[in-house]
1. So which of Leu155, Leu141 ends up being touching a strand residue (DSSP E or B) at 6+ places or on another chain (Cβ under 7 Å), assigned to a loop (DSSP other than H, G, I, E, B) and crowded, with 21+ Cβ neighbours inside 10 Å?
2. Exactly one condition in (1) surrounded by 13 or more Cβ atoms within 10 Å (Cβ to Cβ); (2) under 20 Å from Val193 (Cβ atoms); (3) at pLDDT below 90 is false for Ala63; which is it?
3. Among the hydrophobic types (A, V, I, L, M, F, W, C), out of contact with any Cys (no Cβ under 6 Å at 6 or more places or on another chain) and over 21 Å from Gly327 (Cα atoms), is that true of Ala187?
4. Answer yes or no: is there a residue in the stretch 4-13 that is crowded, with 23+ Cβ neighbours inside 10 Å, among the aliphatic types (A, V, I, L, M), modelled with pLDDT of 85 or more and touching a Pro at 6+ places or on another chain (Cβ under 6 Å).
5. Taking the stated definitions as given, is Gly227 surrounded by fewer than 21 Cβ atoms within 10 Å (Cβ to Cβ), modelled with pLDDT under 95, closer than 24 Å to Ala246 by Cα and among the small types (Gly, Ala, Ser)?
6. Considering only residues that are modelled with pLDDT of 95 or more, farther than 12 Å from Ile330 by Cβ and surrounded by fewer than 24 Cβ atoms within 10 Å (Cβ to Cβ), which ones fall in the stretch 198-210?
7. Taking the criterion of being of a type in the set (Gly, Ala, Ser) and within 21 Å of Phe266 (Cα to Cα), would at least one residue in the stretch 185-206 satisfy it?
8. Answer yes or no as to whether Leu237 is under 22 Å from Pro268 (Cβ atoms), of a type in the set (A, V, I, L, M, F, W, C) and surrounded by fewer than 17 Cβ atoms within 10 Å (Cβ to Cβ).
Amino acid sequence: MCAAPGGKTTLLAALLGDQGRIVALDRTAAKVAEIRSLARDLGVHCVEAYQADAKEAVLTMTAAAAAAAAAAEQPMEEKAAAAGAVGRIPSPPVSLPSAAPPPSSPRLSAIPSAAPSSATPSSAAPSSAAPSPAAAGALLLGPPPYPAGTFDYILLDPPCTALGLRPRLLHSWNLPQLRAMAAYQRALMHTAVRLLAPGGEMVYCTCTINPDENEANVAWALDRFSGSLQLLPAEPLVGLTGLTGADPETGSRWLNEQEAAMVQRFDPGLLFPGRMMGLILPPLPLSQPPAHPQAKEQEPGFRCDDDDDDDDDEDEEELPWVDDVMGFFIARLRKVS
């Protein structure tokens with residue numbers, strides 16, 4: 001969902017060895033063309049890219065009834081011709097090899113939003129020499145909408161305020177726009193949960209440091225789908241823990257300590273303790289940033305970094321647990337029912 005320009009899509013295809021089935025959605029035709037072009041340049045055949053509004057990717061009861069009525073009135077020859085023309089599978093998808101079995105019960109499925117798919121029953125052993133769907137001549141899943149519970153894995157990388165990107169030091173975003181973006185992301189999350197099969201997993205990620213779009217949205221999903229959605233550790237845990245507490249203006253909750261330890265927050269702010277090599281350090285209050293242990297008051301005027309005094313080098317201390325990165329956020333969730 002929101003898969004352009006296709007970097008994550010093709011990376012997942014490479015990790016799968018170009019096996020299985022990957023469906024990438026984006027609402028802009030030019031961006032879908034970028035995904036297809038990148039996949040073609042990299043020799044990827046297991047990717048299907050379609051122009052679609054991901055919020056409308058679930059097949060509604062009304063649309064399903066209309067499609068069934070139209071299919072009932074269509075002659076058999078026209079059904080076969082239509083299925084061949086659009087590449088849509090009129091019956092359950094064919095069994096395809098995959099790099100790993102799906103987390104849910106044995107079933108056939110595909111994945112939207114550039115997420116890897118397993119379309120092989122869990123009892124079947126994957127074959128590294130098996131051809132990709134396109135090479136094997138398998139019919140494509142086709143464009144959305146899809147029935148609820150179609151996919152075993154979903155990667156949701158929604159449009160965001162991109163406040164974690166460099167060198168964007170100035171932004172024109174105002175508070176109402178930030179709130180509206182978070183609401184749009186929740187609409188996408190709602191669709192993603194509906195498309196996810198029981199036992200399936202979803203990764204939610206953004207390139208912003210805005211808690212409304214990160215921790216608050218994860219908390220919303222856990223509360224909205226309480227009992228159906230479970231937060232999992234987004235391993236390997238190398239970034240910061242998530243923010244705890246609540247929005248000081250709206251009161252909307254962020255994450256509790258247990259939940260915050262499972263997500264990853266990468267922050268461009270310097271000297272915030274992170275997690276590395278299994279070491280978990282609690283985040284410091286945002287109002288009290290830690291001071292550099294070797295910070296010294298500098299005299300006014302120009303100072304050359306190329307100091308010949310070797311003693312200065314001996315005094316410097318490396319802090320491998322310090323994050324100095326672009327802003328990013330990752331959460332991993334499982335649909336348990």
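1. Numbers: Leu155 fails: assigned to a loop (DSSP other than H, G, I, E, B).
Just one listed residue meets the conditions, Leu141.
2. That leaves (1) as the condition not met.
3. Details: among the hydrophobic types (A, V, I, L, M, F, W, C): yes; out of contact with any Cys (no Cβ under 6 Å at 6 or more places or on another chain): yes; over 21 Å from Gly327 (Cα atoms): yes.
When the stated conditions are applied, Ala187 passes them.
4. yes
5. Working: surrounded by fewer than 21 Cβ atoms within 10 Å (Cβ to Cβ): yes; modelled with pLDDT under 95: yes; closer than 24 Å to Ala246 by Cα: yes; among the small types (Gly, Ala, Ser): yes.
Yes.
6. Answer for the stretch 198-210, where residues must be modelled with pLDDT of 95 or more, farther than 12 Å from Ile330 by Cβ and surrounded by fewer than 24 Cβ atoms within 10 Å (Cβ to Cβ): Pro198, Gly199, Glu201.
7. We begin by selecting, within the stretch 185-206, every residue of a type in the set (Gly, Ala, Ser); these are 187, 192, 197, 199-200.
Narrowing the set further to residues that are within 21 Å of Phe266 (Cα to Cα) leaves none.
No.
8. Numbers: under 22 Å from Pro268 (Cβ atoms): yes; of a type in the set (A, V, I, L, M, F, W, C): yes; surrounded by fewer than 17 Cβ atoms within 10 Å (Cβ to Cβ): no.
Here the answer is no, as Leu237 does not meet what is asked.
The values are calculated or read from the model by the stated rules, or taken from the named source; none is laboratory data. Predicted model, so just to flag it, every value in this text is computed and none were measured. In this analysis, Cβ positions are derived from the backbone assuming ideal geometry, glycine residues included, and neighbour counts consider all displayed protein chains.
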